[in-house]
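To start, the structure under review is shown below, and the notes come after it.
What follows draws every value from the coordinates through simple rules; no lab data is involved. Keep in mind the model is a prediction, meaning the values are calculated, not measured. Please note: Cβ atoms are built from the backbone with ideal geometry, for glycine as well, and neighbour counts cover all protein chains shown.
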Amino acid sequence: MAETEGNPVRRVRIAANLAPRCGARTRRGTPCQQAAVRGRKRCRMHGGTSPGAPKGPRNGSYRHGHYTNEAIAFRREMSVLLKTVRAQLSELVDGG
């Protein structure tokens, strides 16, 4: 019995059991039994993790660069330029 009291694995297991629980309800209506994320009231599956996609190159949008801020700004500029060119062309065709 003296061996189990000093066992570090046992101490960690006891500490994990004392962690606050998630406050969410499952589909069955019972409370979630997972430990809440540190500093939050919910577990990782019920919204306890940080919100949104990761910022920077860890995000999947950097793989091809289509959704970077620079690419989005470039597409907006091209859209405005195309609208003005189409408007000028329609004036030339209608006026000619």
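Structure values in brief
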quantity	calculated
Matching residues in the stretch 12-25 - criterion: being in contact (Cβ under 8 Å) with a residue 12 or more places away in the chain and loosely packed, with under 10 Cβ neighbours inside 10 Å	16
Residues of the stretch 26-47 that turn out to be in contact with a Cys (Cβ under 7 Å, 6 or more places away or on another chain) and either loosely packed, with under 13 Cβ neighbours inside 10 Å or not aliphatic (A, V, I, L, M) (or both), as a count	6
